[in-house]
Amino acid sequence: MKKVAIIMGSDSDLPVLEPAFDILKQFNISFEVHVYSAHRTPETVLEFSRNAYSNDIGVIIAAAGKAAHLAGVIASHTAVPVIGVPVKSSTLDGMDALLSTVQMPGGVPVATVAINGSKNAALLACEILSLSDETLMERILEFREIMMADVLKKNDEVFKKYSNL
Ligand code: RP5
């Protein structure tokens, strides 16, 4: 199976990406992690993006804060799917990164998740890879079943504790 690449604009973004590492490990997906910045290391970002497909990368997760151009710049140099994670790292509460990541011009898509939404970025990456791997698809469906059971268990508890019938 192809691997996932997680790119972040700064090592200060690392805490936001921990949930993505956990999910990918949980689903046994190989992944590589880099600190590359669209603004501070533009040549490295270009080289990484151009070689992503031949390096057997199936999905790229790109996380950045502030003027977050990383995901868009990567997407402009490769047709490997790019998932953007806007990072809350400034006085603007992540809105700057959200808009910089999500507002891509037509023709160069970036699948943008919520601010700091690296868990969903990893799950989406798993879903993309699962299209060519039935076992992975089954594991994702199992994950959903467990999530559903957890929520319904909480519903029972809350219903019993707070309802006043
Ligand atoms: C962005 O600027 C990074 O992705 C990070 O979220 C933000 C701040 O970077 P540092 O100044 O902490 O390195 O490029």
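The values are calculated or read from the model by the stated rules, or taken from the named source; none is laboratory data. None of these values were measured; they are calculated from a predicted model. So basically every Cβ, Gly included, is an ideal-geometry build from the backbone, and we count neighbours across all protein chains shown. We work out accessible area using only protein heavy atoms, side chains counted, and drop any ligands, DNA or RNA first. Shrake-Rupley method; radii C 1.70, N 1.55, O 1.52, S 1.80 Å.
Is it the case, given these coordinates, that GLU18 is in contact (Cβ under 8 Å) with a residue 40 or more places away in the chain, more than 10 Å from the ligand (Cβ to nearest atom) and not hydrophobic (A, V, I, L, M, F, W, C)? Working first, answer last.
Values: in contact (Cβ under 8 Å) with a residue 40 or more places away in the chain: yes; more than 10 Å from the ligand (Cβ to nearest atom): yes; not hydrophobic (A, V, I, L, M, F, W, C): yes.
So GLU18 passes the test.
Output the residue which, of all residues in the range 48-72 that are over 19 Å from ASN116 (Cα atoms) and not small (Gly, Ala, Ser), is nearest to the chain's Cα centre (by Cα).
Of everything passing the filter in the range 48-72, ILE57 is nearest to the chain's Cα centre (by Cα).
What are the residues in the range 13-38 that are touching a Gly at 6+ places or on another chain (Cβ under 8 Å) and surrounded by fewer than 17 Cβ atoms within 10 Å (Cβ to Cβ), if any? Explain how you work it out, then say what you get.
Here is the first cut: in the range 13-38, the residues touching a Gly at 6+ places or on another chain (Cβ under 8 Å) are 13, 35-38.
Of everything in the range 13-38, just one residue is touching a Gly at 6+ places or on another chain (Cβ under 8 Å) and surrounded by fewer than 17 Cβ atoms within 10 Å (Cβ to Cβ), namely VAL35.
Report, by residue number, each residue of the range 29-44 that is more than 16 Å from the chain's Cα centre (by Cα) and either within 19 Å of GLU18 (Cβ to Cβ) or near the ligand (Cβ under 9 Å from one of its atoms) (or both).
Those that are more than 16 Å from the chain's Cα centre (by Cα) and either within 19 Å of GLU18 (Cβ to Cβ) or near the ligand (Cβ under 9 Å from one of its atoms) (or both): SER37, ALA38, HIS39, ARG40.
In the list LEU123, LEU152, LEU98, which residue meets the criterion of being closer than 19 Å to LEU24 by Cα and at pLDDT 95 or above? Step through it out loud before you land on a result.
Numbers: LEU152 fails: closer than 19 Å to LEU24 by Cα; LEU98 fails: closer than 19 Å to LEU24 by Cα.
Testing whether each residue is closer than 19 Å to LEU24 by Cα and at pLDDT 95 or above leaves just LEU123.
Among the residues of the range 49-64, write down those that are open to solvent by less than 20 Å² (accessible area, probe 1.4 Å) and touching a residue at least 40 places away in the same chain (Cβ under 8 Å).
ALA52, ILE57, GLY58, VAL59, ILE60, ILE61, ALA62, ALA63, ALA64
Give all pairs with beta carbons closer than 9 Å in which a residue from the range 140-165 that is within 25 Å of ILE23 (Cα to Cα) meets a residue that is open to solvent by 100 Å² or more (accessible area, probe 1.4 Å) and modelled with pLDDT of 95 or more; count only pairs at least 6 apart in sequence or on separate chains.
PHE143/GLN26
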